[in-house]
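J.: I have a structure here, written as structure tokens, and I will follow up with some questions on it.
The values are calculated or read from the model by the stated rules, or taken from the named source; none is laboratory data. Just so it is clear, the structure is predicted and the values come from calculations on it, not from any experiment. Reconstructed Cβ throughout: ideal geometry from the backbone, glycine too, with neighbour counts over all protein chains shown. The accessibility values were calculated without ligands, DNA or RNA, using every heavy atom of the protein model including side chains. Shrake-Rupley method; radii C 1.70, N 1.55, O 1.52, S 1.80 Å.
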Amino acid sequence: MKSVALHNLGCKVNAYETDFMQQMLQEKGYKIVPFDEAADVYIVNTCTVTNIADRKSRQMLHRAKKKNPDAVVVAVGCYVQTGQETLQKDGTVDLAIGNNRKKDLVEILEAYLENQPKPVIDAIDIAHAPYEEMTLKTTAEHTRAYIKIQDGCNQFCSYCIIPYARGRVRSRLEEDILKEARGMAEAGFQEVVLTGIHISSYGADRGGSGLGCLLERLSEIEGIGRIRLGSLEPGIVTEEFAARISALPKVCPHFHLSLQSGSDTVLRRMNRKYDTAGYSGAVERLRRYYDNPAITTDVIVGFPGETEEEFAQTERFLRQVGFYEMHIFKYSRRQGTQAAAMEGQLTEAEKAVRSERLMKLEQEMSHAYREAFLGKTEEILFEELIRKEGKAYWVGHTPRYLKAAREASQGENMQNRIASCRLVSFLDRDILLAGN
């Protein structure tokens, strides 16, 4: 029995696909071992979103070969799709498998192991690929199941390589999603998270029902208590969409609306498909239909040509909206994108100063949002037991994705249980404490 070690880099979609590849390998009798142990086969599910992600992918592949020079090292996914020329020159990688070939990983690997040829690259023209069906039976998590509903993106933002790595939008069949969700409910998962490369476009390629209809059907599945959405584009939050999903109690009032910049001129250079007025409108609609929903976002600082005034516009806009959490990224030049060739590339020092300012703002807003829930009763889905200053606490998340804890009673097991708790104080900066 051959041993296989897997390592995942990048997004939640990659994590889902890594879980699926591991599931297939286990079903075929392979022994799964930790990545830092000796193995017969190492599989790295790569990321290519930035030049740094490419470098990390190469580093993990080289680390695997160094761990066991006789092992078969397999690169899978996005870096394979965009970096085939580099991989051909890299003596570390024995087998490279592109996107939309992950479901065939075992078959491709076994053909390679049988023939032991020279290094092989197996990648297709991703631009015209169909949806690659995968169905997970379980996940490494104990309470929350991620379900992939679509792949690809048609947006072509000027800084992003993903449409070239993942191809165009293609949606998973609704019945296949529902089947997987029912399986996860039967396996005991109380919360499902819908993920994909661009889930707002779900159904657009089929000309049929979209995300709203899918949410309605998922809400009917017995056993699923919560449905959480991955990243959304603000344009999807129309009056009709907000009204429709707010009528579904299982949909969590937690919305990650991608922003990237609070300056309209920067948004145009980024080739984003909205402006700040449109974004504000989406937030206003959500706040009208939900009581204090958690609004989170991504922001890129130091985009090419970003002036002090444009950065100041972004900072003012972030304050105006008032987010629960913001993920702040310093712009990273990605070869092969329009933005990489733009004039006015900022220095790392300039980007660091701006990033620091926004991270400080993020901490202020995040604390204020959490603080507003003190004295309120919230339902917590408990996930894990932690120890802090000699005491044990069960920790989980509320529907708004507030992290919360309750002191553990001796012998109790709260994992994967939901309990209504009154939030009374802070356990630390990021965790609210519930009273017993």
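J.: Strands (runs of 3 or more DSSP E) wholly in region 1-118 with at least 3 residues that are open to solvent by 20 Å² or more (accessible area, probe 1.4 Å) and farther than 20 Å from CYS153 by Cα - which ones? If you could, list the steps in order and put the result at the bottom.
T.: Numbers: elements: 3-8, 41-46, 72-77, 95-97.
Of the strands (runs of 3 or more DSSP E) lying wholly inside region 1-118, those with at least 3 residues that are open to solvent by 20 Å² or more (accessible area, probe 1.4 Å) and farther than 20 Å from CYS153 by Cα span 3-8.
J.: If you scan region 240-249, which residues turn out to be farther than 18 Å from TYR202 by Cα and either open to solvent by 30 Å² or more (accessible area, probe 1.4 Å) or touching a Lys or Arg at 6+ places or on another chain (Cβ under 9 Å) (or both)?
T.: Going through region 240-249, the residues farther than 18 Å from TYR202 by Cα turn out to be 243, 246-249.
ALA243, SER246, ALA247, PRO249, listed by residue number.
J.: So, one more: For region 200-211, which positions are closer than 16 Å to LEU248 by Cβ and touching a residue at least 24 places away in the same chain (Cβ under 8 Å)? Write out each step before concluding.
T.: Here is the first cut: in region 200-211, the residues closer than 16 Å to LEU248 by Cβ are 202, 209-211.
Those that are closer than 16 Å to LEU248 by Cβ and touching a residue at least 24 places away in the same chain (Cβ under 8 Å): TYR202, SER209, LEU211.
J.: Just to be sure I understand the filter: pairs with C-beta atoms under 7 Å, separated by 6 or more residues or on different chains, first member in region 250-275 and surrounded by fewer than 18 Cβ atoms within 10 Å (Cβ to Cβ), second member among the aromatic types (Phe, Trp, Tyr) and not in a strand (DSSP E or B). Which pairs pass?
T.: Every condition considered, the pairs that remain are ASN271/PHE156.
J.: Residues being touching a residue at least 40 places away in the same chain (Cβ under 8 Å), buried (at least 20 other Cβ atoms within 10 Å of the Cβ) and under 19 Å from ALA243 (Cβ atoms): count how many of those fall in region 212-232.
T.: Number satisfying all stated conditions: 2.
J.: For region 352-370, indicate whether the set of residues that are open to solvent by 20 Å² or more (accessible area, probe 1.4 Å), at positive phi and without any contact (Cβ under 8 Å) to a residue 60 or more places away in the chain is non-empty.
T.: No, the conditions are met nowhere in region 352-370.
J.: Condition test on GLY336, is it in a loop (DSSP other than H, G, I, E, B), open to solvent by 20 Å² or more (accessible area, probe 1.4 Å), out of contact with any strand residue (DSSP E or B) (no Cβ under 9 Å at 6 or more places or on another chain) and modelled with pLDDT under 95?
T.: Here the answer is yes, as GLY336 does meet what is asked.
J.: For region 346-436, give me every one of the strands (runs of 3 or more DSSP E) that falls completely inside it and has 1 or more residues that are touching a Phe, Trp or Tyr at 6+ places or on another chain (Cβ under 7 Å) and under 30 Å from GLN320 (Cβ atoms). I'd like the intermediate steps shown before the answer.
T.: Numbers: elements: 377-388, 391-397, 403-407, 418-428, 431-434.
Strands (runs of 3 or more DSSP E) meeting the threshold: 418-428, 431-434.
J.: Does any residue of region 401-424 turn out to be crowded, with 21+ Cβ neighbours inside 10 Å, closer than 22 Å to LEU229 by Cβ and out of contact with any Lys or Arg (no Cβ under 7 Å at 6 or more places or on another chain)?
T.: yes
J.: Among (1) within 12 Å of SER57 (Cβ to Cβ); (2) modelled with pLDDT of 90 or more, there is one condition VAL106 misses while meeting the rest; what is its number?
T.: Unmet condition: (1).
J.: What is the one condition in (1) over 21 Å from THR195 (Cβ atoms); (2) in contact with a Leu (Cβ under 9 Å, 6 or more places away or on another chain) that GLY278 does not satisfy?
T.: (2)
J.: For region 287-329, what are the residues that are buried (at least 22 other Cβ atoms within 10 Å of the Cβ) and assigned to a helix (DSSP H, G or I)?
T.: PHE311, THR314
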